[in-house]
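S.K.: Dropping a structure here in structure tokens format, bear with me for questions.
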Amino acid sequence: MSDYFVCDIDLDRPPTRRAAYSDRTAWLLAELSRLVYEPLPGSELPSDLLPRLRAAIADDADDTELTRLLHDALAARRPASSPLDPALARAHLELLDIFTEGGTEGMILRFPPVEDFDGMLVVVFRGTQPSIADVATDLKANMVAAPGGGRVHAGFLEAFERVREPIRHALAQYPGLPVYFSGHSLGGALALVATRYLQADSTGATYTYGCPRVADDEFFRHLKTPVYRVVHGADGVTRIPFGYGLTVLLAGIRVIPINFTFNLSEWVRRHLGGYTHHGHLIYLRPGPALAPDGNGEPRKGLVGHSPNIIWRAKEVIQRLLATGFRALASDHSMNQYALKLRVYAEHRNPRSGSS
């Protein structure tokens with residue numbers, strides 16, 4: 001945990017008086033999106049607790065015994081200390097709660113008030129882990145009707161619904177504080193869905209890293225909270241499920257002279273068509289973070305806001321060819337996202353300055 005939140009930036013009061021993009025906030029939330037991959041306190045209950053509960057219920061135990069077992073469960077979920085504490089202390093962060101339900105995991109944190117800073121809340125979702133639950137969530141890529149309008153990735157909506165009420169309840173304990181959602185990969189997708197249903201018109205913002213497409217345009221139509229979509233180089237996850245490029249693919253399938261190709265293309269169009277990205281694009285250049293002269297300056301163009309699509313396509317293609325397409329996976333690394341955002345934030349926000 002010693003390498004989290006190590007920087008030359010003031011950390012105790014992120015800029016919340018405006019929801020515009022902040023280099024400092026982008027890095028802070030990137031660090032949290034990296035930290036949430038660590039084992040969370042209470043994410044695993046004692047191995048003998050469930051058998052004890054079953055046995056107590058089978059034996060028709062009285063309320064006193066059941067209450068004691070439930071206290072054991074709560075104590076395991078909220079230990080007095082955790083391995084995350086040193087990292088969170090460096091960032092002046094308070095862990096309010098963790099949620100872990102059916103593979104959907106994350107943390108709810110608070111930057112406490114300091115002088116003229118009123119504080120802020122952060123909800124960060126964990127990205128894809130090598131587990132059956134996470135893989136199943138990613139693979140449920142058919143679009144379904146979303147409550148409130150539009151269509152959304154079925155797996156992402158299902159994963160969010162598992163933790164909607166615990167998150168809503170936790171946020172309600174701090175009315176008036178800005179709420180920031182964040183996450184990497186699957187975590188970014190869940191952050192977007194959470195924003196849509198819990199903070200669609202708020203004073204906070206949402207930052208995603210390596211986020212796949214989540215829904216169609218109609219799903220995001222009434223979303224007013226700013227969303228900043230950070231993409232590193234040729235990160236392949238940000239290019240799935242197919243968006244408007246699916247139209248070109250389906251046209252190619254239809255001209256194949258085999259009887260079932262038309263029905264296949266229609267099935268794909270009905271179930272997968274319409275995916276789009278949402279939010280302001282922040283593009284991180286692949287390759288080294290620092291300028292080649294070694295003076296500690298960020299590489300030119302390291303962080304770009306809504307870069308020219310032709311220039312970006314050219315850079316991505318060059319990156320893919322140079323790496324034998326391995327960059328589709330390597331550029332998805334959360335460590336790379338956090339490193340480059342830190343280098344840029346330190347350059348833009350020296351410790352005595354403000355963003």
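The values are calculated or read from the model by the stated rules, or taken from the named source; none is laboratory data. Please read all numbers here as calculations on a predicted model, not as lab measurements. Please note: Cβ atoms are built from the backbone with ideal geometry, for glycine as well, and neighbour counts cover all protein chains shown.
S.K.: Answer yes or no as to whether V114 is at pLDDT 95 or above and either of a type outside the set (D, E) or closer than 22 Å to H278 by Cα (or both). Quick ask: steps written out before the conclusion?
M.R.: On the way: at pLDDT 95 or above: no; either of a type outside the set (D, E) or closer than 22 Å to H278 by Cα (or both): yes.
Criteria not met by V114.
S.K.: Cβ-Cβ below 8 Å, separation at least six or inter-chain, first residue in region 40-64 and of a type in the set (S, T, Y), second surrounded by 10 or more Cβ atoms within 10 Å (Cβ to Cβ) and at pLDDT 75 or above: which pairs?
M.R.: S43/I98; S43/T100; S43/E105
S.K.: If you go through region 25-59 one residue at a time, how many are modelled with pLDDT of 70 or more and within 25 Å of T128 (Cα to Cα)?
M.R.: Counting residues in region 25-59 that are modelled with pLDDT of 70 or more and within 25 Å of T128 (Cα to Cα) gives 17.
S.K.: Which condition does Q129 not pass, out of (1) under 19 Å from Y209 (Cα atoms); (2) part of a helix (DSSP H, G or I), if it passes all the others?
M.R.: That leaves (2) as the condition not met.
S.K.: State whether one or more residues within region 178-187 are part of a loop (DSSP other than H, G, I, E, B), touching a Ser or Thr at 6+ places or on another chain (Cβ under 8 Å) and in the same structural domain as V122 (by TED's automatic domain parsing). Even if it seems obvious, please write down each step before you answer.
M.R.: Just the residues of region 178-187 that are part of a loop (DSSP other than H, G, I, E, B), to begin with: 178, 185.
Filter once more, keeping what is touching a Ser or Thr at 6+ places or on another chain (Cβ under 8 Å): 178, 185.
Narrowing the set further to residues that are in the same structural domain as V122 (by TED's automatic domain parsing) leaves 178, 185.
Yes: one or more hits.
S.K.: Now a separate question. Considering only residues that are closer than 19 Å to D10 by Cβ and assigned to a strand (DSSP E or B), which ones fall in region 298-354?
M.R.: Hit for region 298-354 is P298, nothing else.
S.K.: Quick check on region 124-146. Is at least one of its residues within 14 Å of the chain's Cα centre (by Cα), surrounded by fewer than 17 Cβ atoms within 10 Å (Cβ to Cβ) and assigned by TED's automatic domain parsing to the domain that holds R221?
M.R.: Yes, region 124-146 has at least one match.
S.K.: Looking at the structure I just gave you, is A189 under 10 Å from the mean Cα position of the chain (by Cα), crowded, with 21+ Cβ neighbours inside 10 Å and of a type in the set (A, V, I, L, M, F, W, C)?
M.R.: It is true that A189 is under 10 Å from the mean Cα position of the chain (by Cα), crowded, with 21+ Cβ neighbours inside 10 Å and of a type in the set (A, V, I, L, M, F, W, C).
S.K.: For A170, only one of the following conditions fails: (1) in a helix (DSSP H, G or I); (2) modelled with pLDDT under 95; (3) within 19 Å of P212 (Cβ to Cβ); (4) touching a strand residue (DSSP E or B) at 6+ places or on another chain (Cβ under 9 Å). What is its number?
M.R.: (3)
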